[in-house]
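Handing you this structure, nothing more for now.
The values are calculated or read from the model by the stated rules, or taken from the named source; none is laboratory data. No experiment lies behind these values; they were computed from the predicted model shown. Here the Cβ positions follow ideal geometry from the backbone for every residue, glycine too, while neighbour counts run over all protein chains shown.
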Amino acid sequence: MKSLHGITFVVILAFLFFEISVSQAQAPCYVRLEDASGYEPTAMQLAELEQAAANLCAAFDSAGFGGQFKVYDFGFYLHHSATTGGYPEPFAQKVAEVAGLSPYYLLFGKETDQDGVYKRFWVDLKIPDTGLLSCVNQEDRDALPYLISLQTTKSYHDYNNIYHAYDKAEIGGINRLEAFIKSTVDCCGEDDCLPCVQQDLIESKFLADSFTPIKIQNIRTKIGGFDMAPIKDYAKILFSIDGHEVDIASDISSTVSGLQDSGFSVIVFITSDQNYCGPQLDSVKAEIDTGDYDLVIWHHIQITDTVKKEGILLTNTFFRGQSEQARSLVICGPVCWLLKGLGEFAVSVVMQASITWLVEDDISFEDALGKVNYSEAALEGIIAILPTKHSKTARAATNAFFVVYKKATTQDDYDYSEMGTDYMTAFMFAAIEEYLFSYGSKYGKEKIIRGLLKKANFKYSWIKQHVPGFDLSYPKFCQKLGLGLKNKQVPLNCNVNGEYKSITSQRIMEGWNPKKIAIIGRSQDDRIEPYKKALKNKLGNDYDIVTIKDLPGWNPNVEESLEINRNWIRQLKEDGYTFYDLGFDPRFPTKGNSEFYNMELSEIFDGIEPPWPPIQIQVP
Amino acid sequence: MNEEIEKNVYNFIEKPLIEHGLNLVHKESYNLALTVTYFYPINIKIRFTYEYVDMMFVFYIYTFKSEYVYKEKMFWKIFTEMDPSVVYAEIQPEGRNYLPALQKNSELLKRFLDLVFVQGNTELIQEILE
């Protein structure tokens, strides 16, 4: 009986132990909070998520933080884009709530909006800063959520961003955090830093700082190397981008000289992950934070595959004022951030955007920037533009870019539209000729011309007023295209109120479409209209001949009519019309004064009047 | 295009013509100009056009020898010859401000019409058209 009692006691103890073990094993590490999307995961998905989370929790347990870490999953619907602390409001509220549930946590926020379920993943993370994790510096702590977020997004992408593969995305993020914790626990306290470097964490830090990544190949060590005062090449690495050989230090030297010639003080740093543990990266950061350079250009090279010799070039440009005070006044609006993020090849990006802006109808400069082929721009920025610094286009592009850049970093309300105008002002016109026949050529001459006339010529007066020495009037523009002003008189025998009279055109502004003609000048009824009929008879129906009488929408309000007339003239220029100017009316003793004709002269002939008295040639 | 302009042209140009026995034969108003043409029963035609877009008056007198043979002269020449103190700038709109010039034309037109049709000085027409 005693033994039976003993057995019973052992059985009860074993049962209790089993119960406790089971309840401990079943304590979920993955906690599913509410999900506004309405999607219900399968049991299999939940089991896999729990397994990944349990492994992560176990890593924290091993680090001495047993039971103090959990993974939370939350789904919300985004009604509006208001943010709190950089997070959408529902997610920010959940972060505060979760902070009260567990001392340390990883929180996923799955964003659903009108465009679909789980369109984006948000990540918030809190890890211990004591014990075996005390050696994680603040910079790494700050970068870690970004790294987890990147990995989650990447995993989601691997499954085509389909909402029912959300578990794969989260598992990707969870596994990455687990690897980080395990590696950190192993490395904390070690003297040798290099084996502990986590490459993707470094990359995520650069990406979080708006560096632009460019894939590089054929990476190899540079023997010797370029040594030029403003270029600090700590990496000593050569590589290629899409078959183009790149030696950054050498390639960038001409740009640096150009920038210095333009009055910018500049320093360039070229680093690699090998410099991560040394003092070099700190010196670069110090230069960015406290240096006196206008521009700090930073290239960081990561070798991601030593066998295939592949890697990533991370690049950025930092603008600084001349003094501490100026630095404190540096303002970075959206345009500024964009340009900073693009690094030196922003020159090329902005140029591409300006071409898109130019050739496409009804597109804002901001949207044009969104259409840029950034890989191509990167290549142009590093390879194509820099070695050809001495070309007019490259010089104009670089200077124009830095005009825009400087303004973007000092004017907080600087917008894309203003940027477009500024860039156009500083670049387009300075290098129009070369531009038209090189960069612009792939878009077709006609499209470029139309764009220039529509978007640039409209601003011509403004540009002329603000840019000293600028002169690219419509006549000069046409002249550059081999067209333009022809001092050619064309007398025609015209039926004026039943009587044939000779009317002579005073000059011609040749547009790019030879079959379209517009007739301007004084006295519509007695000169312009009869001349139109005579010219139509002479040239035939293949020609489209218009006068102001064809202009619809005339208005009793003179101001409005002037504007209608001006827009009509601009449309004609854009469409390549050739203008026949009949000039002033020789029947009168003076030239007279018409605001409409004056405007036309200004738009078409840069304000230069036709001869007075008019040339009159009698038709035999 | 502009009712006010049409009204003023009627009052200052058409009315004196009607009062001196000329009949309206053509009136055209479109977005760029207003034209009125009056014919005297025998051989005189007067055409007045206000070209809004050119901000000018085109004011003619024609004398017909036959249906297709005529002489023409612009009124600004007639007015300045008739009265050397008349300054050309006074009889053309000054930009958008056309009314003073219209009134001046009206005043000079009446003087001319009085000379020709009231005082019967028809030789004057031949004389000025030479």
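Contact list please: Cβ distance under 7 Å, first residue in the range A:504-525 and under 24 Å from residue A:612 (Cα atoms), second residue basic (Lys, Arg) and at pLDDT 95 or above, pairs at least six apart or on different chains.
Pairs that qualify, where the first residue is under 24 Å from residue A:612 (Cα atoms) and the partner is basic (Lys, Arg) and at pLDDT 95 or above, are A:519/A:532; A:521/A:527.
So which of B:59, B:79 ends up being under 23 Å from residue A:522 (Cβ atoms), modelled with pLDDT of 95 or more and of a type outside the set (S, T, N, Q)?
Criteria check complete, one pass: B:59.
In the range A:520-552, how many are within 13 Å of chain B (Cβ to nearest Cβ), among the aliphatic types (A, V, I, L, M) and part of a helix (DSSP H, G or I)?
2
Still on this structure, please answer the following. Among residues belonging to the range B:17-64 that are surrounded by fewer than 18 Cβ atoms within 10 Å (Cβ to Cβ) and assigned to a helix (DSSP H, G or I), point out the one that is farthest from the other protein chains (Cβ to nearest Cβ).
That would be B:19.
Quick check on my filter: what residues within the range B:65-86 are more than 11 Å from chain A (Cβ to nearest Cβ) and either surrounded by 12 or more Cβ atoms within 10 Å (Cβ to Cβ) or touching a helix residue (DSSP H, G or I) at 6+ places or on another chain (Cβ under 8 Å) (or both)? Steps first, please.
So the first thing to find is which residues in the range B:65-86 are more than 11 Å from chain A (Cβ to nearest Cβ), and the list is B:65-66, B:75, B:78-79, B:81-86.
Answer for the range B:65-86, where residues must be more than 11 Å from chain A (Cβ to nearest Cβ) and either surrounded by 12 or more Cβ atoms within 10 Å (Cβ to Cβ) or touching a helix residue (DSSP H, G or I) at 6+ places or on another chain (Cβ under 8 Å) (or both): B:75, B:78, B:79, B:81, B:82, B:83, B:86.
I'm checking my understanding of the structure. Among residues of the range B:87-110 that are under 12 Å from the mean Cα position of the chain (by Cα) and over 23 Å from residue B:2 (Cβ atoms), which one is surrounded by the most Cβ atoms within 10 Å (Cβ to Cβ)?
Looking at the filtered set, the residue picked out is B:108.
Quick one: which residue in A:64, A:86, A:75 is surrounded by fewer than 16 Cβ atoms within 10 Å (Cβ to Cβ) and more than 27 Å from the chain's Cα centre (by Cα)?
A:64
Now for a different question. Somewhere in the range B:87-104, is a residue in a strand (DSSP E or B), free of Cβ contacts under 8 Å to residues at least 60 places away in the same chain, more than 10 Å from chain A (Cβ to nearest Cβ) and over 18 Å from residue A:498 (Cβ atoms)?
Taking the range B:87-104 first, the residues in a strand (DSSP E or B) are B:94, B:97.
Of the ones still in play, those that are also free of Cβ contacts under 8 Å to residues at least 60 places away in the same chain are B:94, B:97.
Then keep just the ones that are more than 10 Å from chain A (Cβ to nearest Cβ); that gives B:97.
Of the ones still in play, those that are also over 18 Å from residue A:498 (Cβ atoms) are B:97.
Checked the range B:87-104: at least one residue is in a strand (DSSP E or B), free of Cβ contacts under 8 Å to residues at least 60 places away in the same chain, more than 10 Å from chain A (Cβ to nearest Cβ) and over 18 Å from residue A:498 (Cβ atoms).
While we're on this one: If you go through the range B:1-16, how many residues are within 14 Å of chain A (Cβ to nearest Cβ) and surrounded by 14 or more Cβ atoms within 10 Å (Cβ to Cβ)?
The number of residues fulfilling the criteria is 5.
Out of the residues in the range A:592-607 that are without any contact (Cβ under 8 Å) to a residue 24 or more places away in the chain and within 30 Å of residue B:86 (Cα to Cα), which is nearest to the other protein chains (Cβ to nearest Cβ)?
This residue is A:593.
Can you tell me which residues in the range B:28-45 are touching a residue at least 24 places away in the same chain (Cβ under 8 Å), over 28 Å from residue A:558 (Cα atoms) and of a type in the set (A, V, I, L, M, F, W, C)?
B:44
May I pose another question? Filter the range A:276-293 down to the residues that are outside any helix (DSSP H, G or I) and not hydroxyl-bearing (Ser, Thr, Tyr) and list them by number.
A:277, A:278, A:279, A:291, A:292
In the range A:478-519, what count of residues is obtained for those that are under 25 Å from residue A:571 (Cα atoms), in a strand (DSSP E or B) and among the polar types (S, T, N, Q)?
Count: 1.
Give the residues of the range A:229-267 that are of a type in the set (Asp, Glu) and modelled with pLDDT of 75 or more, sorted by residue number.
Across the range A:229-267, the qualifying residues are A:233, A:245, A:247.
I would also like to ask the following. Could you tell me which of the residues A:224, A:172, A:189 is assigned by TED's automatic domain parsing to the domain that holds residue A:281 and either at pLDDT below 85 or under 22 Å from residue A:62 (Cα atoms) (or both)?
Just a single option satisfies the conditions, and that option is A:224.
Another question, if that's okay. Assigned to a loop (DSSP other than H, G, I, E, B), out of contact with any Asp or Glu (no Cβ under 7 Å at 6 or more places or on another chain), polar (S, T, N, Q) and away from chain B (no Cβ under 14 Å): is that true of residue A:616 in this structure?
Taking the combined requirement at face value, the residue satisfies it.
Sort through A:504, A:578, A:547 and tell me the only one that's closer than 22 Å to residue B:55 by Cβ and hydroxyl-bearing (Ser, Thr, Tyr).
The unique qualifying residue is A:547.
Right, next: Evaluate the range A:301-312: report whether one residue or more is at pLDDT below 80, surrounded by fewer than 20 Cβ atoms within 10 Å (Cβ to Cβ) and within 23 Å of residue A:198 (Cβ to Cβ). Spell out the reasoning first.
Filtering the range A:301-312 down to residues at pLDDT below 80 leaves none.
Within the range A:301-312, none of the residues are at pLDDT below 80, surrounded by fewer than 20 Cβ atoms within 10 Å (Cβ to Cβ) and within 23 Å of residue A:198 (Cβ to Cβ).
Among A:565, A:555, A:541, A:537, which is modelled with pLDDT under 95 and either in contact with a Leu (Cβ under 9 Å, 6 or more places away or on another chain) or surrounded by 19 or more Cβ atoms within 10 Å (Cβ to Cβ) (or both)? Walk me through it before giving the result.
Details: A:555 fails: either in contact with a Leu (Cβ under 9 Å, 6 or more places away or on another chain) or surrounded by 19 or more Cβ atoms within 10 Å (Cβ to Cβ) (or both); A:541 fails: either in contact with a Leu (Cβ under 9 Å, 6 or more places away or on another chain) or surrounded by 19 or more Cβ atoms within 10 Å (Cβ to Cβ) (or both); A:537 fails: modelled with pLDDT under 95.
One residue alone meets the criteria, A:565.
Answer yes or no: is there a residue in the range B:36-49 that is touching a Lys or Arg at 6+ places or on another chain (Cβ under 6 Å) and not aliphatic (A, V, I, L, M).
Yes, the conditions are met somewhere in the range B:36-49.
Hey, does the range A:565-579 have a residue that's facing another protein chain (nearest Cβ under 10 Å), without any contact (Cβ under 8 Å) to a residue 60 or more places away in the chain and more than 29 Å from residue B:87 (Cα to Cα)? Spell out the reasoning first.
Kept after step one, since they are facing another protein chain (nearest Cβ under 10 Å), are these residues of the range A:565-579: A:565.
Remaining after also requiring without any contact (Cβ under 8 Å) to a residue 60 or more places away in the chain: A:565.
Restricting the remaining residues to those that are more than 29 Å from residue B:87 (Cα to Cα) gives A:565.
Yes; the residues of the range A:565-579 include at least one that is facing another protein chain (nearest Cβ under 10 Å), without any contact (Cβ under 8 Å) to a residue 60 or more places away in the chain and more than 29 Å from residue B:87 (Cα to Cα).
Separate question: Take the residues of the range A:491-523 that are closer than 23 Å to residue A:542 by Cα and over 51 Å from the mean Cα position of the chain (by Cα): which is surrounded by the most Cβ atoms within 10 Å (Cβ to Cβ)?
Result: A:503.
What number of residues within the range B:26-49 satisfy the criterion of being more than 14 Å from the chain's Cα centre (by Cα) and not acidic (Asp, Glu)?
Total satisfying the criteria: 8.
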